[in-house]
Each structure stands twice: as C-alpha cells, then as structure tokens.
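These notes are about the structure you will find just below.
Rule-based calculations on the coordinates, nothing more; no lab input. Everything numeric here is computed off the predicted structure, so don't read it as measured data. Here Cβ is always computed from backbone atoms with ideal geometry, including for glycine, and neighbour counts include all displayed protein chains.
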Protein chains: 2
Amino acid sequence: MDLRFKVIVYDIEQGQNEVILNESQAQELDFALHDRLLLKAKGKKAVAIVDYSHKAVPKGGVGVFWEVALALGIKTGDSITLQSCPRPASLEAVRKKLDGKALEPSEVQSIIADLMAQRLSTGELAAFIAGVHTRGMNVDETIALTDAIIASGERLKFSKDGPVISEHSIGGVAADRTSMLFVPIMASMGFRVPKTCSRAISSAAGTADVMELFSGVAFPAKKMKAIVDNVGGCLVWGGAVNMAAADDKLIQIRHPLHLDPKPLLLSSILAKKKAEGAQFVLLDIPTGQGAKVLDLEEARLLAKDFTALGAHLGLTVDVSITDGSEPLMPVVGPVLEARAVLETLQGRGSSALAEKACRLCGISLSMVRKVSFDEGYRLAKQRLDGGHALKKFLEIVHAQDGNPKIKTDDLVPGEHHHTMDAKEGGRIRHVDNKNLSRVVRALGAPEDHYAGLKLFAMKGEHVEKGHPLVELYATSKEKLAYGIETLKAHNPVEIENIVLDVV
Amino acid sequence: MDLRFKVIVYDIEQGQNEVILNESQAQELDFALHDRLLLKAKGKKAVAIVDYSHKAVPKGGVGVFWEVALALGIKTGDSITLQSCPRPASLEAVRKKLDGKALEPSEVQSIIADLMAQRLSTGELAAFIAGVHTRGMNVDETIALTDAIIASGERLKFSKDGPVISEHSIGGVAADRTSMLFVPIMASMGFRVPKTCSRAISSAAGTADVMELFSGVAFPAKKMKAIVDNVGGCLVWGGAVNMAAADDKLIQIRHPLHLDPKPLLLSSILAKKKAEGAQFVLLDIPTGQGAKVLDLEEARLLAKDFTALGAHLGLTVDVSITDGSEPLMPVVGPVLEARAVLETLQGRGSSALAEKACRLCGISLSMVRKVSFDEGYRLAKQRLDGGHALKKFLEIVHAQDGNPKIKTDDLVPGEHHHTMDAKEGGRIRHVDNKNLSRVVRALGAPEDHYAGLKLFAMKGEHVEKGHPLVELYATSKEKLAYGIETLKAHNPVEIENIVLDVV
C-alpha cells in the first residue's frame, strides 16, 4: 500500500537517513519509532528510519533531513510515497556474527550492500562492528569483506602497463608527511604512484590538509587517473574520489566508538590500495609509546596479517615498522608542515623526513626491482638530492591545479605568535604526539591551515633554562590565547630531571 | 570556555539528545559530527550529540530537538551555552565488556548512570548490548545491573505490612490476559498485588491496552501506591510510573536490534518486580513453537537463572512453564479481549483463561501460604466462581478512575466485519500467534482498541468445509480491507489434511 505525503525538508545532517512522521498518524499507520520505511519520489528510492514529530509535521506531511533530500533530489512541497520496508536480510548475518559464527561471502556482501543503501541504522552497524570486535573474522570473511568494500566504489585502471606502487601509514605520528616525498621520488623513477590521503581526524593535519597549501586535493576518480597517467603520481583527498566508499561509512561508525577491530583495519587499508590500482603496497606501522601500535610484537603480527591478506587480493605487500613515539618533524600544523616538505625537497629541510622517505623508497625498490635495500635507498637519495623529486612534486602540484612556482616564503603561518621558554634546563625525554595535536587544534588547525607550532628541540636534545622551547602561531589573538591555555594544560614536551629532588 | 547561542527548537522526537550546529562554525570550534557537547540553560544541563546544519541553523544559533528542549525547558529564541564534553568514563567499561572482561559493580553503575543522563549515543548503547550478548554477564554483574536499574527509577513501599505478590509473563502468547484475573483473585484474598503492564510492542494488544477499556492506566508511582494501599491491587501501564526507568531506555535500543541477552532479560523483569515492592514473584514462561522460548530445556535453564537472581535480590521467585504455542483465547484485539475477561470474571467466559489464572494463583499460594498446589488452586477457583474476583476487579477499575458499572454490552468491536469460511474441513492443527497479531494490527490494533478477530475454533477442534472459521472487526471499511488482505497473505489457522494426496 503506497501512501502519498507532502515533503518538508530540514537542512540538518545526521549521518543516517531519517524520516519524520506526525506521531498520531504514524500510530494509525502502525509505523513505530525507529521502524524502517521505503521512500519513493521522482523515480528514486531511499530507506529511512522513523522519527516522530508531535506538531511540526502535520498529518499528510513527512519531514526529511539533508541526507534523504539529497538522495531523492526532493525539496519542501514535493510529493513522496511511503511504504513499510521489511527488515533487511543482512541483519540475520549481523546476528550470526554476534553469535560467533563465520559468515558466508554472500552474507558479508549483504551487509555491505545494505550499508551502502542506508538500510542499516547506526545502532545496527555499531552492533556489527562490536560483533567483529568480539568474534573476529577468519581469512575468508576478511577477503569477502575487502572485496565487497572494493566493489562499493570506483576502481582505477591506468592506461600504461608497468608497476603501480602505493604507500600508506596507519598513522598517529605528528608531522609525518613521508608520502609527500615518497610519491615524487618514486614517480620520478617512472613508477605510477597513485596516493589518496586523508584529512585530519584527531590530529592537527592530515596529508590532504597539507597538500592543499600547494594545490587542489578534491578530484573525482576519473581526474585522479588522468593526473597519474599524465605525471606518474598524485596526492589527492580520499574523501572525494569515491573509492572503497563503504569503508568511509564504516569509519564514521567506528570512530566515535573507538573500535578498530583488526579485520576492519586490514580490509579498510587494502581495499583502498586495491581500488587505487596498486600492485605493490608499502605499509608503514609506526610503533611505540603513544602510537596506534604499542609494541614490536603486536606490529609484527599485524604486518603478517597485512602481507597474508594482500597475497589473497593479488597485492605484493611489504611492511615497515618504524618508531612512532615522537613527532617526525619539529613543526606541526598544515602550513608549517607544507613549508618543511618543500624545504626538504629543496635539500635543506628535515633530515628525519628525508631519511624516513628514502628508507621507505628503498624497501619499495627492493620489492619491485629486486635490488638490495641499500641500493634502493641510494637510488632514492639520488632522486631527492638531485632535485628530481622536487621537479616531479611541482609537476604533480601543477597537474592538481596548483602553482608550480610556489616558494617557501609563500608558506607562512598566522601573524600572532607566542614563545614559551623552558622552565628548567635538561635533555628532552619525550615529545607527545597527542598533546601536540591538541595544542595545534586549539590554535585552529586543521580547518585553519595557518595555525601551527614549532619545537626548538626534539627528543634527546638539550635545552637551557629560560631559552625558547615552543613557539605557537595563530591567525587571531583569541585563537592564540586558547592555544596558550591548552599548551599550559597539556604540555607536549617532557624534560628529563636528572636530579629528581634535593632534600 | 562557555559559548553562548540562540536556540531554535525542532519539534522532532529521535530517541537520543542531539544538538544541531552551523557546520562552518562547528568546524571553527573544532566540534566534529557526533561529538558530545554539554548544554546549559536556565540552570539545567544536558549532554547531546552534534549534528550539522548547512544553512537552517545560522552562526550563533543552535538547533535542538524535542528531547533536549524538554530536558532543559527551553524554547526558540532562548539563550544557551555550549562546551565540549569529555568522553564518558563508562565507555571504558563498555570496551572492557566487549573485550570479554567482567565489570566491577561501579562500572555497571557508571553505564546506567550515563545512560540515564543521555551521555551515551544509540551506537554506543548498541555496542554495550552487543557486548553483553556476546560475552554474557556473571551473577555479580547481573546483580549490579539489576540494582542500578532499580535505583534509576522510583520504588514502591506500601503502608501495611504483609505479603506483596507480583506476576509477570515473558509474553508472546496472543490474548493472554492472565494478569487481569490473577490480580483480582489474589487481591480478593487480602494480598497486595501491584502490577505494571505493558502496551503492545509487536502484538495486537498488551494488558495495558486492554485494561484501558475499563479504566485509566497511566498514573504516577504515588497514585499507583495509593490504589494498592486502598484496594489491594492495580493494573497500570509501566510506561507512566517511572519505575526501573533505565530498563525502558535499554529496551528502546534492544528492540530494533532484536537482541535480548539473558542478563538484560533477567534484570529487566526482576528490577521491575523489586521496584513494585514485590516480595514474591510468579514468572510465567510460555514455551513452544512460535513462543519466545522454544523448548522445555531452555525454559528450565531460564527459570533457574530467574530463581537464583531473585534470591540474590531478596525475592522469592517461582516460575511456571506453560504451553505458549497457541493463543489463550479465541478472541484477539483490545475490546474483544476486555469483553472476554469480563465474561470470565462473571463465570461465563474462556475456560482456558480461568484455568491458567487459577493455576498461577495456586502456585503463588503454595509459595506464600505454604499450602499444597491443589489447595491453592481450589481456593483461587472459589474466589473466581464466587464472584469475589469480579467484585475486586470492579473495585480496581473504580480506583483507577473507571466505571465499575461496566457491562459486557459496553464492550463491542468495530461495526465493519467480515467472515472467512473454512476452505477445507478438518481438525485445526495450529493457530499462529504471530500471524494473528499481524492481521489484527492490520485492522488497526492496538491504537484502534475496537479492531479485533474472533476464531470459531481453536487447536484440536473440527471445522466443516464452508463453515465460518475467522471473523474480523474494524472501525472503517479501509481498515477492514487491509485486514482481509493481510489475513489472506498470513493465514493464522492451519487445518490438518489427513489425506495429503490422492494418486
């Protein structure tokens, strides 16, 4: 039975499809709060969860939020039909996982299909993720999940044959902009190096936020392919290319729950690499205090799982386990990191960044070209020191609609700044990634690209009492004040007190 | 840092607290989608989850939905302050449960406290329920959960001393109105018999829906106590008394997920009984095809758990396991069931209902008075046959603001009706509870109290081909037509074909 209603659009984004019914009419129609309805308008369909309105939505009307309005292309005053919608079959699969049973590939596919069609509520998806967390997934389930995620979005296929290499870090290290060197170094050797990057979620800057200081980053998959076909590499924002689309939706649910079950982590990363068209994948697992992976043993287990799953997907995967307990560069925040990347490409920036990038390139070259790691490292260093990587980077910037004539002096942080001096002298024992992010976010990053923080010394270096330790940059006095307040509350720099107390 | 905003109220009920921010302002303030904020207005506080608006909510404004407006007592144009809200500590406990560890009583309490304060999102609560489903809870955890649920709402304490008895069925049987006889029979003997009933969730009528044909059912706890102090018993809607309030919220999450983990089922029921002030509890577990519990073994295990948990809570619990595969009476729907209850109290109604009620009373009397079951059954039958139960029932109706002079002729179903004849003759093998509910809901129940269905024969009885089998009643032609359509698609009556085929 189709029922016809007049639409009221509410310009509110909620992260799931919802439809608002007049409460007494809903009860007459036997549509309970949180039931699922099928909505049809203008030849399009959407499934949505029922909310109630007591007065705002009259009988004969239905309210919809932004997601549904977008999906159906409807506006206030349009006509829409509703009908009750059966419970999606994939919920049986969710239940089966919660009960500890392995899922068939078709069941995994049904969950991803219903996720993509917005047929599952946030609560139902949370239950699925909790099920994977508690019950795990075997290799076949994880392969099926990865394949289903790949199939949920676009896939790149490049015009020329030859090795396609992609690099990815599981993240958590402040100012780790390795990809911005890895891509141009490898592309300058003639490899295809497609790279989708993320924006910051809880950090002060993602690679996409930093790249945005040089060029555009939001392109459809077709344009991404054209850029790589043309200049060999790219650094684009993953959120715009619609590859592995189901993964973005899963992350939206996983993130607030702080649940990162291994099968979802593995499938998330490798689905993206496969969709990017990569044949060779280099994964970086930063490990140590404050990093996502705490110890070497855990990192090695994860590395093994990545390699095994990669093999099943036809990917050659190498993993580097790196020290992730300290920031990679002494500058944090989009514009300061962009400047440091450009300086490093020019041969006068952070040695730690150059070193890490050349090592990862070395590993990749030994995987693709079967040369020794030392030989690979040396080749990469040559490309960097010889300016080939800089030239390639600026080609990529140009291909991504940026200015290839950009100079370091174009990259300056906010004019309001404040220096914090060391209250004690000593050796720096630790710089905390999470507190760094917290301070730079308080200054306005990542949305405000010109917020930033500079460290005058890194782990192991000495500071003198009263000498500068940290400098903050902001685009307004208010943001600077909030950053200073946050710096005081969450000091990122630990100085070693050799003398703990004097009695 | 407190930020002050102008409120826009949206009259939409969503089942969780949400606050709508202007998207670009939210990003400037570093409030991500689905972050948690603390809202303050008029000396009250509420926690809410962030949604985004692109245009509807301007900078400097915040939108709130019905739940938040109610909690803070605010209206459009009022002023409100926002501040970021730390991740609730109870989420660590949710994670611990998901990781398979037993929770401390204080951790269980923190989850229930955060649930009551609306500090947990639907997804986070779904993850908790999934954790309990997959990992279970030991006895100490279940006791802590039950105690926390009891503490989340009001508790009754009666004025007089002496046994307080409560009866509860885990449900699933159509037309099972046993409580409506149990309460007056036991109360007529001088016991206190407080009873909270539910409205239908997926069935055609809950006891609260049926009782509503006689009297009011929505009373605060104080009035419920006064009714029981006054006439010895009551039959009120549990949704209005605010007892075991946390349980109502858990059920709102559990129901759409179809997750009913045993520790939540046990705590849900016994918390309500304890909050009602009961010392003796009789639990009915309908068992069999189509019931919530499928076999005797499962029912016995559940009974053991109920008895053990009850003992820890200071409750004497007896359990009756009854056949739940068939409807208890040949009439389904609020008004027809109300009429059948009144007829039975008058000594001329359903013998199955009278029989079940007297048996449950017999078990209760053997528990409270230490008489034999046979003696208890006989005493109950006397109260029913002697009209004492009817008199007490009408006293309860009067105390609940109903008309104690009500007659069966006041209880008539909708005027539109339709008879379906048997297409074949034979013995009735099975009447399906779920399909009965589906048909009567299609006719308009439970909201429309005058929708109903009458069966001309029950399991084991013979029908002749072409004789009436089912009659439907509705208050409009349209509802009747939809009921007939549903009856054809979901036939509740299976007739035994002795001759399966003739070759």
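Restricting things to alpha carbons, tell me how big region B:210-287 is in terms of Rg and Dmax, in Å.
Values for region B:210-287 (Cα only, Rg and Dmax): 14.0, 41 Å.
How would you classify region A:351-471 from its alpha-carbon gyration tensor, with a ≥ b ≥ c the square roots of the eigenvalues: rounded for a/c under 1.5, else prolate if a/b is greater than b/c, otherwise oblate?
The shape class here is oblate.
Amide H to amide H under 5 Å from B:E18: which residues, 5+ apart in sequence or cross-chain, H placed 1.01 Å off N in plane?
Answer set, sorted by chain and number: B:I49, B:F65, B:V68.
Under the Karplus relation 6.51 cos²θ - 1.76 cosθ + 1.60, θ = phi - 60°, what is the ordered set of whole-Hz ³J(HN,Hα) values for region B:333-343, x standing for Gly and Pro?
x, x, 6, 5, 5, 4, 4, 5, 5, 5, 4
Would you mind listing how long region B:90-136 runs along its three principal axes, going by Cα atoms, in whole Å with the largest first?
Largest first, region B:90-136 extends 25, 22, 14 Å along its Cα principal axes.
Measuring from a point 7 Å out along Cα→Cβ, what nm distances, shortest first, does A:K157 have to its partners in the other copies?
List, nearest first: 7.7 nm.
Take the eigenvalues of the Cα gyration tensor for region B:3-84, scale each by 5, and report the square roots as semi-axes in whole Å, largest first.
Ellipsoid half-lengths, sorted descending, are 17, 13, 12 Å.
Give me Rg/Rg_expected for the protein assembly as shown, where Rg uses Cα atoms only and Rg_expected = 2.2 N^0.38 Å with N residues.
Compactness ratio reported: 1.10.
Inside 10 Å of the C-beta atoms of B:252-258, what's the mean count of C-beta atoms belonging to other chains?
6
Which far-off residues, 5 or more places away or on another chain, put their amide H under 5 Å from the one on B:H430, with H placed in the peptide plane?
Hits under the 5 Å cutoff: B:E494.
What FRET efficiency comes out for the pair A:D161/B:K6, r = Cβ-Cβ distance, R0 = 51 Å, nearest 0.05? Write out the running numbers ahead of the final one.
Numbers: r = 61 Å, r/R0 = 1.19.
The computed FRET efficiency comes out at 0.25.
With θ taken as phi - 60° and the coefficients 6.51, -1.76 and 1.60, list the Karplus ³J(HN,Hα) couplings across region A:33-49 in order, rounded to whole Hz; mark glycine and proline as x.
3, 6, 5, 10, 10, 9, 9, 10, 7, 6, x, 10, 10, 8, 9, 9, 8
What number comes out for the charge environment of B:F214, summing +1 per Lys or Arg and -1 per Asp or Glu over other residues with Cβ under 12 Å away?
So the surrounding residues net to -2.
Need one value for B:5-13: mean number of C-beta atoms belonging to other chains within 10 Å of its residues' C-beta atoms.
Mean number of neighbouring Cβ atoms from other chains: 4.
Putting +1 on Lys and Arg Cβ atoms and -1 on Asp and Glu Cβ atoms, find which of B:A451, B:A144, A:A174 reaches farthest to the positive end of the dipole of the protein assembly as shown.
The residue sitting farthest along the positive end of the dipole is B:A451.
Longer than 19 Å from Cα to Cα, which of B:K160/B:K223; A:K96/A:K274; A:K45/B:K488; A:K225/A:K274; B:K195/B:K454 are they? Say none if no pair is. Let's see the in-between values first.
Numbers: B:K160/B:K223 16 Å; A:K96/A:K274 28 Å; A:K45/B:K488 28 Å; A:K225/A:K274 14 Å; B:K195/B:K454 28 Å.
Distance filter (> 19 Å) returns A:K96/A:K274; A:K45/B:K488; B:K195/B:K454.
Residues of A:46-55, mean number of Cβ from any other protein chain within 10 Å of their own Cβ, rounded to a whole number?
3
May I have the extent of the alpha carbons of region A:413-495 along their three principal axes, as whole Å values ordered from largest to smallest?
Taking max minus min along each principal axis of the Cα atoms, region A:413-495 gives 34, 22, 20 Å.
What is the local net charge at A:R36, summed over the other residues whose Cβ is closer than 11 Å to its Cβ (Lys, Arg +1; Asp, Glu -1)? Can you show the working numbers first?
Values: positive: A:R87, A:R119; negative: A:E18, A:D35, A:D114, A:E124.
Local net charge: -2.
Using only Cα atoms and rounding to the nearest 10 degrees, what angle (0 to 90) does helix B:105-116 make with the longest principal axis of chain B?
90 degrees
Report the trypsin sites (Lys or Arg not before Pro) located in region B:401-470 that are in a DSSP loop and have at most 14 other Cβ atoms inside 10 Å of their Cβ, or state none.
Here the trypsin sites (Lys or Arg not before Pro) that fit, given the DSSP loop and packing criteria, are B:K405, B:K407, B:K423, B:K465.
What would the Debye equation give as log₁₀ I(q)/I(0) for region B:255-300 at q = 0.31, 0.32, 0.33 Å⁻¹, counting only Cα atoms as equal point scatterers?
Values returned for q = 0.31, 0.32, 0.33 Å⁻¹ are -1.12, -1.13, -1.14.
Mind checking the full-extension length gain between B:H467 and B:Q382? Use 0.36 nm per residue of separation minus the Cα-Cα distance, one decimal, nm.
That pair, B:H467 and B:Q382, stretches by 26.9 nm at full extension.
Within 10 Å of each candidate Cβ there may be at most 10 other Cβ atoms; applying that plus a DSSP loop requirement, which chymotrypsin sites (Phe, Trp or Tyr not before Pro) in region B:184-288 survive? Numbers along the way, then the final one.
Details: sites: B:F191, B:F214, B:W237, B:F280; in loops: B:F191, B:F214.
Hits after loop and neighbour filter: nothing returned.
Mean separation of Cα pairs under 8 Å and 6+ residues apart, divided by the residue count of region A:90-136: what relative contact order is that in percent?
It comes to 53 percent, rounded to a whole number.
Rounded to the nearest 5, what is the percent of antiparallel bridges among the DSSP beta bridges in chain A?
Details: 34 of 61 bridges.
So the antiparallel bridges in chain A amount to around 55 percent.
Cα centroid distance between region B:250-305 and region B:471-495, in Å?
31 Å
Once the Cα atoms of helix B:221-231 and of chain B are each reduced to a long axis, what angle between those two axes, in degrees from 0 to 90 to the nearest 10, is obtained?
It works out to around 30 degrees.
Quick check on my link table: of A:K101/A:K249; B:K75/B:K273; A:K55/B:K292, which ones sit more than 26 Å apart, alpha carbon to alpha carbon?
From the list (A:K101/A:K249; B:K75/B:K273; A:K55/B:K292), the Cα-Cα distance tops 26 Å for B:K75/B:K273; A:K55/B:K292.
Using alpha carbons only, how many angstrom separate the centre of region A:196-227 from the centre of region B:173-191?
68 Å
Using each residue's phi in region B:60-66, evaluate 6.51 cos²θ - 1.76 cosθ + 1.60 at θ = phi - 60° and report the 3J(HN,Hα) Karplus result to the nearest Hz, with x for Gly and Pro.
Going residue by residue, I get x, x, 9, x, 9, 8, 3 Hz, with x marking Gly and Pro.
Just how large is the dipole of chain B about the Cα centre, in debye to the nearest 20, putting +1 at every Lys and Arg Cβ and -1 at every Asp and Glu Cβ?
For chain B, the charge dipole is close to 1220 debye.
Compute the signed sum of charges (Lys and Arg +1, Asp and Glu -1) over the other residues within less than 15 Å, Cβ to Cβ, of B:A148.
The answer is -3.
Which Rg and Dmax, in Å, describe the Cα atoms of chain B?
In Å, with Rg to one decimal and Dmax whole: 25.3, 86.
Using the Cα centre of the protein assembly as shown as the reference point, and only Cβ charges (+1 on K/R, -1 on D/E), how large is the resulting charge dipole? Debye, rounded to the nearest 20.
520 debye
Near the amide H of B:W237, under 5 Å away, which other amide H atoms are found, from residues 5 or more places off or on another chain, if H is placed in the peptide plane?
Amide H to amide H, under 5 Å and 5 or more residues apart or across chains, B:W237 pairs with B:C197, B:A218, B:F219.
Given the C-alpha centroids of region B:49-104 and region A:27-59, what is the distance between them in whole angstrom?
24 Å
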